[in-house]
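Take a look at the structure set out below.
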Amino acid sequence: MVKITVRRAAAALVGAALAQGNVHCAPADRGEDGYEHAVAAKSAAYSVPSPGAATLRLDFYYSGSGAPQKQFSVGETTTDEFVRVGQKLTLEIPGWVILPLVQDEAGSVTPENLSSSNVSLVITWLHGGATLSTETVKITSWKAEGSSYGWPDARIESIVVPKGATGMRSTIVGTSADGKKTGRETLAETPVFGGELPNKHVYFDLGSDGPQSRVLERGEPVAGSELVVAYADGRADRLVDSGSIDRRVGRVKTYNPRFGTYESDVFGEVIHVISVGYDFGGGFREEALTRSPLPYARYGNTQETRLHVPDDATRVAMYFHVKTYLVAKYPTYGEVTERKYKDGEWILVREKWDNPSGAGSNFAFGTEAKEPLEKHLQRTVVFIKGETSPGQDLFIRGGIDHEASKRLRGVVCQSDDGAPNYACALPIFHRNLRNPTTRAWKLGDAFLDWYGRERSQLVSSSSGLAQGTAADWTTNAWPSSWGAPKSVAVDGYGLEKLNGVGAHLWMLDVDMDCTRAFAAPDGTRWFEAKSFISNGPGWEGDVAQPGAPYPSANHFAKCGQVSLFERGSGAATFKPLP
């Protein structure tokens, strides 16, 4: 997602029955950049050119409901309004934000002595929902000039955004001069770009000179990777000239103690429904965008989708189709004296196409070649046999059991607040994105984990929300009575040459970070897996697999190989990939 003012909530422990235990901050390996890493970034093979420097200032934004949130936003910068991997940051915190954290009951803190307070900032760098690294930094200086409300501003300098970061979560910690009070305030997450490479974001919005489009990580989309396409509602407003739309849908008679009985106009809501037409060289297709969760502070809401750029794509062409509706909503108070439409009716009032030079033109990008997989990423295939009914799909959840990880690896997989840190999850790249049913679930699916749907996973238009990591139905034979043959190679499901067993084998085919799997003494890298069938059967039962590296009620698969299981059975078959 284009993550501009989006604060991610902690992922729910849907698989809590499989991952229990009292856990604390995970011990982590110290990377070459000097930070402790609790989980590896999906790729470090690409870098953002000239990330530059920026000053971030703590400010407010409104999410549309509830109290305003505090968040760092870009002020002075050598690039643009986005924070990037490798960027050198200076952080500014207004003194009036710090004051409630350090002020004692006697009110002894003044603008003159605020700088003597014990204040620090705990920065947690995130990769998706996972903790990448944590650092505690002290105030480097205080600035009285230009500060607000008479309190000096705290400055923190020389913070460098680490590789793999997609977000920055900060907590201000302050202790009063007498040491009796310690206050904390956690800020909304600040998004970071460049941590999901080779996946990129292309953003269509409004600049000072009018409409603009930008690949936020710079360069071009990468062939064989994901591309988030986002479109600002402010751009749609300008395209359709929404200010000239007659929004009046009726009249209502109400009573006010001051003015008595009077009539007033009722206005409907203007909503844009946006789709993107895209072509990777095989003809245009159109796909609807979905609204991002929170507003972008400068340009309004965004709508977006994820596209997979084929391996052989050399160009990406796009246009946008904007339909603007007036939605009639009438009040439940007073007497509605005029209704131009039915309550809740959607009236199409404008329809425009966003092309760079009118009809027949398109926004065009070249592509960059995808670099070879890093050595720690290995193709891994898991088959689980399970018969399903129409409307049911098989998902796989897994990784390493939380208790086993703590006992055998010394790695804990939850933070103090119970949220998973993904140290027991395995980073993955899906290889098969051809199945139209499972494709949406795979886009944005960054980990094989125990926690159900990841926030970045899209919603399947035909089957709803993901229930984990999606698998594809396969068989080794296709009777003529089934109609025209379908195959994984062409359709994303059906005939599969790695399936030498029969029908109803659900296949997971990914490139997996095997360094995150459990290392047995003989060098084998193992991970646990359990199937979940949607719309009915749910979790499969516990199994006891002979030869497992440690006791578990789940299947054990081998990273870098083909593993074959059956729901409810402890039997397991392994074979090398061709």
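The values are calculated or read from the model by the stated rules, or taken from the named source; none is laboratory data. Since this is a predicted model, take the numbers as computed values, not measurements. Using ideal geometry, Cβ is built from the backbone for each residue, glycine included, and neighbour counts are taken over all protein chains shown.
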| Which residue, of G174, G194, is crowded, with 23+ Cβ neighbours inside 10 Å, closer than 20 Å to A53 by Cβ and in contact (Cβ under 8 Å) with a residue 12 or more places away in the chain? | G194
| task | Could you list all residues from region 132-149 that are exposed (fewer than 14 other Cβ atoms within 10 Å of the Cβ) and touching a residue at least 40 places away in the same chain (Cβ under 8 Å)? | result | K143, S148, Y149
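Do the conditions hold for L465, that is, is it of a type in the set (A, V, I, L, M), in contact with a strand residue (DSSP E or B) (Cβ under 7 Å, 6 or more places away or on another chain), farther than 25 Å from P549 by Cα and surrounded by fewer than 22 Cβ atoms within 10 Å (Cβ to Cβ)? Outline the logic, then answer.
Numbers: of a type in the set (A, V, I, L, M): yes; in contact with a strand residue (DSSP E or B) (Cβ under 7 Å, 6 or more places away or on another chain): no; farther than 25 Å from P549 by Cα: yes; surrounded by fewer than 22 Cβ atoms within 10 Å (Cβ to Cβ): yes.
Criteria not met by L465.
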| request: Among what's in region 499-557 and is polar (S, T, N, Q) and in a loop (DSSP other than H, G, I, E, B), pick the residue that is nearest to the chain's Cα centre (by Cα). | output: S534
| Of the residues R258, R306, R315, which is within 26 Å of V229 (Cβ to Cβ) and either more than 33 Å from the chain's Cα centre (by Cα) or modelled with pLDDT under 90 (or both)? | R306
| task | For residues that are assigned to a loop (DSSP other than H, G, I, E, B), of a type outside the set (G, A, S) and under 18 Å from Q414 (Cβ atoms), scanning just region 428-452, find the one that is farthest from the chain's Cα centre (by Cα). | result | W450
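Taking S108 as the residue in question, decide whether it is outside any strand (DSSP E or B), in contact (Cβ under 8 Å) with a residue 60 or more places away in the chain, out of contact with any Phe, Trp or Tyr (no Cβ under 7 Å at 6 or more places or on another chain) and more than 30 Å from A364 (Cβ to Cβ).
Details: outside any strand (DSSP E or B): yes; in contact (Cβ under 8 Å) with a residue 60 or more places away in the chain: yes; out of contact with any Phe, Trp or Tyr (no Cβ under 7 Å at 6 or more places or on another chain): yes; more than 30 Å from A364 (Cβ to Cβ): yes.
When the stated conditions are applied, S108 passes them.
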| field | Residues of region 113-164 classified as in contact with a Phe, Trp or Tyr (Cβ under 8 Å, 6 or more places away or on another chain), in a loop (DSSP other than H, G, I, E, B) and under 26 Å from G179 (Cα atoms), total | value | 3
| said: For K342, only one of the following conditions fails: (1) over 25 Å from V240 (Cα atoms); (2) over 20 Å from the mean Cα position of the chain (by Cα). What is its number? | reply: (1)
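Of everything in region 406-438 that's polar (S, T, N, Q) and farther than 23 Å from G164 by Cα, which residue is surrounded by the fewest Cβ atoms within 10 Å (Cβ to Cβ)? Steps first, answer last, please.
Kept after step one, since they are polar (S, T, N, Q), are these residues of region 406-438: 414-415, 421, 432, 435, 437-438.
Now restrict to residues that are farther than 23 Å from G164 by Cα: 432, 435, 437-438.
Details: N432: 20, N435: 20, T437: 16, T438: 27.
Only one residue fits best here, namely T437.
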| query | For the subset of region 323-350 comprising residues that are in contact (Cβ under 8 Å) with a residue 12 or more places away in the chain and hydroxyl-bearing (S, T, Y), which member is nearest to E269 (Cα to Cα)? | reply | Y325
| Tally, over region 166-191, of residues that are touching a Leu at 6+ places or on another chain (Cβ under 8 Å) and under 30 Å from R315 (Cα atoms) | 2
